[in-house]
Amino acid sequence: MIARAGLPPRLEARGLRKRFPGVLALDDVRLALDRGEVLGIVGENGAGKSTLMKILAGVEAPDAGGLFLDGQPVRLGSVKEALARGIALIHQELNLADNLDIAANLFLGREPRRGGLIDEGRMEREARALLAQVGLERSPRALVERLSLGQRHLVEIAKALSANARVLIMDEPTSCLTPHEVERLFRVVGELRSNGISVVYISHRLGEVQALCDRVLVLRDGANAGELKREEISHDRMVRLMVGRDLSQFYPHVPHPPGEPMLAAVGLRTPRHPGHALTFTVRAGEIVGVAGLLGAGRSSLLRTLFGVTPPVSGEVRVAGRGIALRTPRDAMAAGMGLVPEDRQQQGVILEMAVRHNLSLPTLRRVQRHGVLDRRGEAGISARMVRELDVKTPSDAQPVQHLSGGNQQKVAIGKWLAMSPRVLLMDEPTRGVDVGAKYEIYELMERLAAGGMAILFASSDMDEVMGMSDRALVMHEGRIAGELGRAALSEEAILRLATGGEAAA
């Protein structure tokens, strides 16, 4: 952080208040961001982070309170106005035109001109300088559609710098990046800080916040819950401020005596990796993790088990009975449910009410003579909202208005409503806050204790180690090895995930 005695904060928020129908999103929130500072903002889903970010970037206007830039009051009526004042927002869902090249994206709507025509030479020169500034070694003429997610994030940062941004607001910038891309992004953020640019860094990944940020602001229930200086930042302190309690035992799983084999795959070949035959078993009451690096085949395995992409060959048995997997309906009839990796695209229908989402897999059970039994549907919904503690004003609320953690509970609850024998879960806690993670872990533990077989895939090794009775580790489409709970360690998982042999 660049300390400049006597200067006001680069960006300051005082007493921000914002109300939406049925919810007070922000209540007297205060924030101060200094020059050349990386300020982390953390909190559970629904804590007010997104609303605060939108107000800082001109997307929303506060009902009360004000913003100050270099000590002067400002009113931001739009994203364009915020950018003109040097405040740029980099969304988790990037705002780039895939069919255009990098240079065109950097200056879209602000192209340098000469004689009324776009000055292509100047645009390319300035683009090249910006790419060098963010450490992206690609031609300005490379199409954005050919870039990795990490490279696209760097393009977004370069685009903000091209508009002379002095404040960058970064929303979950590493959620889909590889470790190498995260490392590169951290280097860029460090260089921006050295150059006096201020960064607001919003993330659920508390380890990243601890490694990168100079200071952390914690929100809870739409209000300031506390602030931590650099030397005070730790995982446990952030968690205590976020949830208002100490989660001393973050992974609540206690192994149970396994029952009969509930899910078995014998010689299963997926369309993604048809050259590898997969054989494994998950018993009643077991939680089995699937680990592996990006592209190892975890998601394709779960999708094949659920009939989304029917197997090339092999056998799948549920409770000892072989099933023909042609469609997800076959898997559902056998007693399986799948919580997919992308809840917003595949797990829930955002525009539909909580009630209708929760009853989707059980519609045939809640109809009479082809007509939906509204009372039966309402009963299912009320039971799942209660059992999963879904925080919603009512079950008539559209799912899109819920926090990420509560959306995930709905994505899980719709399958639990049909009482499955086997629950497949792909990245069960991706994009949810620490409190919601703990609730999902507790739910997994209760389901396993009740005899359900759970097979879950996760890129979070701590999650795999903390919640698994044993883990299958995949490498390039094959099961490279199996680790019992006592043998689970980051080193052992990485050794198998990178193609090595299990330790003797």
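Do we have E44 as assigned by TED's automatic domain parsing to the domain that holds R205, among the charged types (D, E, K, R) and either part of a strand (DSSP E or B) or crowded, with 19+ Cβ neighbours inside 10 Å (or both) here?
Values: assigned by TED's automatic domain parsing to the domain that holds R205: yes; among the charged types (D, E, K, R): yes; either part of a strand (DSSP E or B) or crowded, with 19+ Cβ neighbours inside 10 Å (or both): yes.
Yes.
Looking only at residues of the stretch 194-213 that are under 23 Å from the mean Cα position of the chain (by Cα) and more than 23 Å from T429 (Cβ to Cβ), we find that the one that is surrounded by the fewest Cβ atoms within 10 Å (Cβ to Cβ) is V199.
Conditions (1) surrounded by fewer than 16 Cβ atoms within 10 Å (Cβ to Cβ); (2) more than 30 Å from L494 (Cα to Cα), marked per residue:
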residue	(1), (2)
L294	yes, no
G297	no, no
R303	no, no
V308	no, no
E315	yes, no
R343	no, no
E387	yes, yes
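Name the single residue that is surrounded by the fewest Cβ atoms within 10 Å (Cβ to Cβ) among those in the stretch 137-179 being more than 30 Å from L52 (Cα to Cα) and not charged (D, E, K, R). Checking each candidate, the answer is S139.
Here R317 meets each of (1) part of a strand (DSSP E or B); (2) under 17 Å from G413 (Cα atoms) with one exception, condition (2). L131 fulfils the conditions (1) assigned to a helix (DSSP H, G or I); (2) touching a strand residue (DSSP E or B) at 6+ places or on another chain (Cβ under 6 Å) except for a single criterion, (2). Being part of a loop (DSSP other than H, G, I, E, B) and over 26 Å from the mean Cα position of the chain (by Cα) is the filter here; which residues of the stretch 274-314 pass it? Matches in the stretch 274-314: P274, G275, H276, A277, A284, G285, P310, P311, V312.
Scanning the stretch 403-443 for residues that are over 21 Å from L363 (Cβ atoms) and either in contact with a strand residue (DSSP E or B) (Cβ under 6 Å, 6 or more places away or on another chain) or assigned by TED's automatic domain parsing to the domain that holds L360 (or both) turns up S403, G404, G405, N406, Q408, M425, D426, P428.
Put simply, of A411, A436 the only residue that is under 20 Å from the mean Cα position of the chain (by Cα), crowded, with 21+ Cβ neighbours inside 10 Å and modelled with pLDDT of 90 or more is A411. Scanning the stretch 74-118 for residues that are surrounded by fewer than 18 Cβ atoms within 10 Å (Cβ to Cβ), more than 30 Å from A64 (Cβ to Cβ) and of a type in the set (S, T, N, Q) yields a single hit, N99.
Which ones in the stretch 55-73 are surrounded by 15 or more Cβ atoms within 10 Å (Cβ to Cβ), touching a residue at least 40 places away in the same chain (Cβ under 8 Å) and of a type outside the set (A, V, I, L, M)? So that I can check it myself, show each step before the final result.
As a first pass, look at the stretch 55-73 and keep what is surrounded by 15 or more Cβ atoms within 10 Å (Cβ to Cβ): 55-60, 62, 65, 67-70.
From the residues that got through so far, the ones that are touching a residue at least 40 places away in the same chain (Cβ under 8 Å) too are 55-57, 60, 62, 65, 67-70.
E60, P62, G65, F68, D70 - these are the residues of the stretch 55-73 that are surrounded by 15 or more Cβ atoms within 10 Å (Cβ to Cβ), touching a residue at least 40 places away in the same chain (Cβ under 8 Å) and of a type outside the set (A, V, I, L, M).
For the stretch 220-236, the candidate set comprises residues that are modelled with pLDDT of 85 or more and closer than 29 Å to F456 by Cβ; within that set, the residue that is surrounded by the fewest Cβ atoms within 10 Å (Cβ to Cβ) is S234. Test H235 against the criterion of being more than 24 Å from G413 (Cβ to Cβ) and touching a residue at least 60 places away in the same chain (Cβ under 8 Å), and give yes or no. Spelling it out, it is not the case that H235 is more than 24 Å from G413 (Cβ to Cβ) and touching a residue at least 60 places away in the same chain (Cβ under 8 Å).
Inspect the stretch 470-482 for any residue being without any contact (Cβ under 8 Å) to a residue 24 or more places away in the chain, in the same structural domain as I287 (by TED's automatic domain parsing), surrounded by fewer than 16 Cβ atoms within 10 Å (Cβ to Cβ) and under 26 Å from G267 (Cβ atoms) and give the result as yes or no. No, the conditions are met nowhere in the stretch 470-482. The listed residues are R329, R283, R272, and the only one of them that is without any contact (Cβ under 8 Å) to a residue 40 or more places away in the chain and in the same structural domain as G500 (by TED's automatic domain parsing) turns out to be R329. Taken over the stretch 387-406, the criterion of being closer than 15 Å to V348 by Cβ and among the hydroxyl-bearing types (S, T, Y) is satisfied by T392, S403.
Conditions tested, residue by residue: (1) among the hydroxyl-bearing types (S, T, Y); (2) touching a Gly at 6+ places or on another chain (Cβ under 6 Å).
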position	(1), (2)
S194	yes, no
I197	no, no
I202	no, no
V216	no, yes
D221	no, no
L241	no, yes
P255	no, no
P274	no, no
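Residues of the stretch 370-384 include at least one that is under 30 Å from T281 (Cα atoms) and either part of a strand (DSSP E or B) or without any contact (Cβ under 8 Å) to a residue 40 or more places away in the chain (or both). Listed by position, the strands (runs of 3 or more DSSP E) inside the stretch 174-245 whose residues that are out of contact with any strand residue (DSSP E or B) (no Cβ under 7 Å at 6 or more places or on another chain) number at least 1 are 215-220.
Within the option set R205, R193, being modelled with pLDDT under 90, more than 30 Å from I323 (Cβ to Cβ) and either out of contact with any helix residue (DSSP H, G or I) (no Cβ under 8 Å at 6 or more places or on another chain) or not assigned by TED's automatic domain parsing to the domain that holds G295 (or both) holds for one residue only, R205.
Candidates G66, G109: the one that is modelled with pLDDT of 90 or more, outside any helix (DSSP H, G or I) and assigned by TED's automatic domain parsing to the domain that holds V167 is G66.
The values are calculated or read from the model by the stated rules, or taken from the named source; none is laboratory data. Just so you know, these numbers come straight off a predicted model, no measurement behind them. Don't worry about glycine lacking a Cβ; one is built from the backbone with ideal geometry, like all the others, and counts go over all protein chains shown.
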